[in-house]
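**Q** Dropping a structure here in structure tokens format, bear with me for questions.
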Amino acid sequence: MNFKNLSIPYIDHHKSNITMYRIGRDNMIINFNKDDHNEHSIICMVYGEIDCRCHIQKQINLGNDEDAIIRELVDRYITTIQQHVIHYRKIILVGVIPPTKQIDYETINGPITHEYPFVGSDENRVRYTYKLNQLLENRCEQYDFIYFNPHMGYTRDDGTLQYERSDQTVHLGDNSIFLKKFIELYESIKQIP
């Protein structure tokens, strides 16, 4: 959803409902073929939203430590990328979008009567997203990846998604700020000799 209407040429390997957890657990990047890339490739990965919205709280409910869960998610994700993405110019890891406030979702879509689309309170999901993004940014610095998080223009003061810019569920709808900043980043990478 973040890249809908992207105006630069790209190959989309998107597959819905794939989590950062799954990438790290299976040590496999879904739909990724290293032979499709070379030393000029700019590779962009977008994982973690479902993890922050559901997975982390489910693990906490099982008695696992919040920080340990987040650290393991990010570290296994980075390890999988390092093992499978061999040829590239730059790797961009996109930060997780702000979580949707439950009342916003329910106002449009009706009361949630099942476990999903959220597990955990708004405040908890905001915290998980913040912590995961911070660790992702730190690991990008450590491993010379590019951390890309243009979601400030989509975040309310309480850390939740500005719902008027959403797709009326849990993703971006108005992605114009995201696309503008991504294209600026892409163009700056292309200028690097």
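Each value in this text was obtained by applying a stated rule to the coordinates, not by laboratory testing. Quick caveat, the model's predicted, so the values are computed rather than measured. Cβ coordinates were reconstructed from backbone atoms using ideal geometry, including for glycine residues, and neighbour counts include every protein chain displayed.
**Q** Pairs to check: 15/190; 4/181; 34/181; 58/131. Give those whose C-alpha atoms are more than 18 Å from each other in this structure.
**A** Long pairs (Cα-Cα over 18 Å): 15/190; 34/181.
**Q** Listing 20, 28, 152 from the residue with the fewest other Cβ atoms within 10 Å to the one with the most, what is the order?
**A** Sorted ascending by nearby Cβ count, the order is 152, 28, 20.
**Q** Show the residues, 5+ positions off or on another chain, whose built amide H is closer than 5 Å to the amide H of residue 44.
**A** Excluding prolines and chain starts, which carry no amide H, the hits are 92.
**Q** While we're on this one: So for 157, 67, fewest C-beta neighbours within 10 Å to most, what's the order?
**A** 157, 67
**Q** Write down the Å³ per residue value for the convex hull defined by the alpha carbon atoms of the stretch 60-108.
**A** Dividing the Cα hull volume of the stretch 60-108 by its residue count gives 138 Å³.
**Q** Tell me whether the stretch 35-193 comes out rounded, prolate or oblate; compute the Cα gyration tensor, take square roots of the eigenvalues as a ≥ b ≥ c, and use a/c under 1.5 as the rounded threshold.
**A** Oblate shape, in that a/c is at least 1.5 and b/c is the bigger or equal ratio.
**Q** Mind giving me the nanometre distance, one decimal, between the label points for residue 114 and residue 176, set 7 Å out from Cα along Cα→Cβ?
**A** Spacing of the two 7 Å Cα→Cβ label points: 3.5 nm.
**Q** What is the set of long-range amide H partners of residue 155 at a cut-off below 5 Å, with H atoms built 1.01 Å from backbone N?
**A** For residue 155, the qualifying residues are 162.
**Q** Students often check this: by mean Cβ neighbours within 10 Å, which of 2-14, 39-51 ranks highest, and how do the rest follow?
**A** 39-51, 2-14
**Q** Per residue of the chain, what 222 nm ellipticity follows from adding -39500 (n - 2.57) for every DSSP H run with n ≥ 4, rounded to the nearest 500?
**A** -13000 deg cm²/dmol
**Q** When you take every Cα atom in the stretch 1-59, what is the radius of gyration, and what is Dmax, the widest Cα pair distance, in Å?
**A** Here Rg and the maximum Cα pair distance are 13.4, 40 Å.
**Q** Which loop-located GluC sites (Glu not before Pro) does the stretch 84-193 contain, where loop means any DSSP state but H, G, I, E or B and the Cβ has at most 11 other Cβ atoms within 10 Å?
**A** Answer in residue order: 115.
**Q** At q = 0.12, 0.14, 0.20, 0.23 Å⁻¹, work out log10 I(q)/I(0) for the stretch 107-174 with the Debye formula, treating every Cα as an identical point scatterer and leaving solvent out; two decimals please.
**A** Results for the stretch 107-174 at q = 0.12, 0.14, 0.20, 0.23 Å⁻¹ read -0.41, -0.54, -0.97, -1.14.
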